[in-house]
Amino acid sequence: MSPPPDDARPAATPPSHASLARLRAIVGPSGWIENRADMVRFEKEERGLFVGRAAAVLRPADVAQVSEILAECNASGIAVVPQGGNTGLVGGGIPHATGTEIVLSLQRLNKIRGLDAANDTITVEAGCVLADIQNAAASSDRLFPLSLAAEGTCQIGGNLSTNAGGIGVLRYGMARDLVLGLEVVLADGRIWSSLKGLRKDNTGYDLKQLFLGAEGTLGIVTAAVLKLFPAARETQTCFVAVPSPDAAIELLQRAKSQSGGSCVAFELTQRRLIDFVLAHIPGTVDPLAEKHAWYVLIEFASGDIGGALKDMVERLLERALEDGLVLDAAVASSDAQRKALWKLRESMTEAQKHEGGSIKHDVSVPVSAVPAFLARATALCEAMVPGVRVCAFGHAGDGNIHFNVSQPQGADRDAFMALRHTMNDAVHDLVAELSGSISAEHGVGQLKRDDLVRYKDRVALEMMRTLKRSFDPNNILNPGKVVPGID
Ligand code: MLT
Ligand code: ZN
């Protein structure tokens, strides 16, 4: 069984009064929070799984201040926990309970530094809210395709540092695939500025990739050059009932091969999530007259106008209906209908909270193994806890399933949640057997750090430790996160 996250692990030495005074002088009064009441929101995450304590919260105004802060912390041995919009799900941005670490909030670095339409790039600071970047791209008739439920709150620095996924990965890749250049402050305060908008640059190691998905353990991302894409002219969004996950994966293959690359999202869900959303999220409606066991939400987008996409989608669905891969379908005929379909999908996590404790698994398997994973993981959890309500949904188009298990109705929440590690281990063992990953898109943070020892290749872990020691010899950058065996 995995050990529980060790939130009492001491992280570096407590800051001295002199160090704190120097840090305060760097950011000035508007960048400094040490009042308990104001610090609390930086010390815990939304689910309440991780609650820590910081020595102070620093909100630098620019990269120069971030650099000075890290130089001071490195010299004085003060641990730094970088934080963006604090929407993470693995405790990566939350300090330990020691009260010795500082939280470094990037929220004031929120400028869009430039948009080069002819180069299809946008240069943004780490604290920019994801939705603001999407909107800036849209105002130049471009698309920034990273999209996830928290996009109105999460910040791009956090998205990049956790290599966020979301609903567009099938077509556009993960956050790391959308980055052309980075500005990073290293542990000793040096600034690595490589804000180049190049799609070709074969001058050695791709260093930026080291910081993407590193959750602030190797350096602090302060700005990035991101790829933009043509804005969609026509979109077709379909809510489709399918008889089984096998049928869904067959439909995915057809959607990909028959749509000329226009299939941008393919989200699978079982009925239970739809019931939860309809019960708990006001203003949601069932798009289909009959209830079905499984659904997919598919979106196609194209730069063309003139109805070709609509015709293609109609043909695809008609043929799939004839072949028994589709039982029923609703296709949005207005932007309001499209938004209503996406609201069903985006409200699933929120709706599930109303049903008591939930044990989450953010996992991926090869797309071809999704049906087997769902069947076997469901059987395993139902055998472990009779009456559990499996809520499987997610980005089936890229093999990422959110296999979130709600407690039996009326059961004791704490008793159910006490089974978390046992259930996680059983599901993760299955994922490993299917050559999958125990963290598809939410990262490692504190939650899954020690699980890496069980599931990640030993040589890969040795390389991770070597990188960590080399980039952060004093272990001040988000210590105790991501890399097991470095304390
Ligand atoms: C989502 O795709 O809605 C989230 O990543 C799922 C979750 O919060 O578990
Ligand atoms: Zn997701």
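Structure data summary
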read-out: Residue list for the range 36-68, filter: assigned to a loop (DSSP other than H, G, I, E, B), over 27 Å from L182 (Cα atoms) and open to solvent by 50 Å² or more (accessible area, probe 1.4 Å); value: E46, R47, L49, R53
read-out: Single condition L447 does not satisfy, out of (1) within 16 Å of ligand 2 (Cβ to nearest atom); (2) assigned to a strand (DSSP E or B); value: (2)
read-out: Counted residues, the range 378-409 - those being hydrophobic (A, V, I, L, M, F, W, C), within 22 Å of G166 (Cβ to Cβ) and either open to solvent by 20 Å² or more (accessible area, probe 1.4 Å) or part of a helix (DSSP H, G or I) (or both); value: 1
read-out: Any pair with Cβ under 8 angstrom, 6 or more apart, that starts in the range 150-175 at a residue that is within 24 Å of G219 (Cα to Cα) and ends at one that is of a type in the set (K, R) and in a helix (DSSP H, G or I); value: L160/R176; N163/R176
read-out: Contacts under 7 angstrom Cβ, first residue in the range 426-437 being crowded, with 17+ Cβ neighbours inside 10 Å, partner of a type in the set (K, R), 6 or more apart; value: L430/R376
read-out: Among the candidates D398, D425, D412, residue that is away from ligand 1 (no atom under 16 Å from the Cβ), among the acidic types (D, E), modelled with pLDDT of 95 or more and in contact with a Ser or Thr (Cβ under 9 Å, 6 or more places away or on another chain); value: D425
read-out: Condition broken by A375, with the remaining ones in (1) within 23 Å of the chain's Cα centre (by Cα); (2) hydrophobic (A, V, I, L, M, F, W, C); (3) closer than 26 Å to I298 by Cβ satisfied; value: (1)
read-out: Top-ranked residue of the range 160-171 - restricted to ones that are touching a strand residue (DSSP E or B) at 6+ places or on another chain (Cβ under 8 Å) and open to solvent by 40 Å² or more (accessible area, probe 1.4 Å), ranked as farthest from ligand 1 (Cβ to nearest atom); value: R171
read-out: Subset of the range 128-149 [away from ligand 1 (no atom under 16 Å from the Cβ), open to solvent by 10 Å² or more (accessible area, probe 1.4 Å) and touching a residue at least 12 places away in the same chain (Cβ under 8 Å)]; value: V129, D132, Q134, A136, A138, S140, D141, R142, L143
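The values are calculated or read from the model by the stated rules, or taken from the named source; none is laboratory data. It should be emphasised that the depicted structure is a prediction, and the values quoted were computed from it without experimental measurement. Please note: Cβ atoms are built from the backbone with ideal geometry, for glycine as well, and neighbour counts cover all protein chains shown. Side chains included, ligands, DNA and RNA excluded: accessible areas come from the protein's heavy atoms. Shrake-Rupley method; radii C 1.70, N 1.55, O 1.52, S 1.80 Å.
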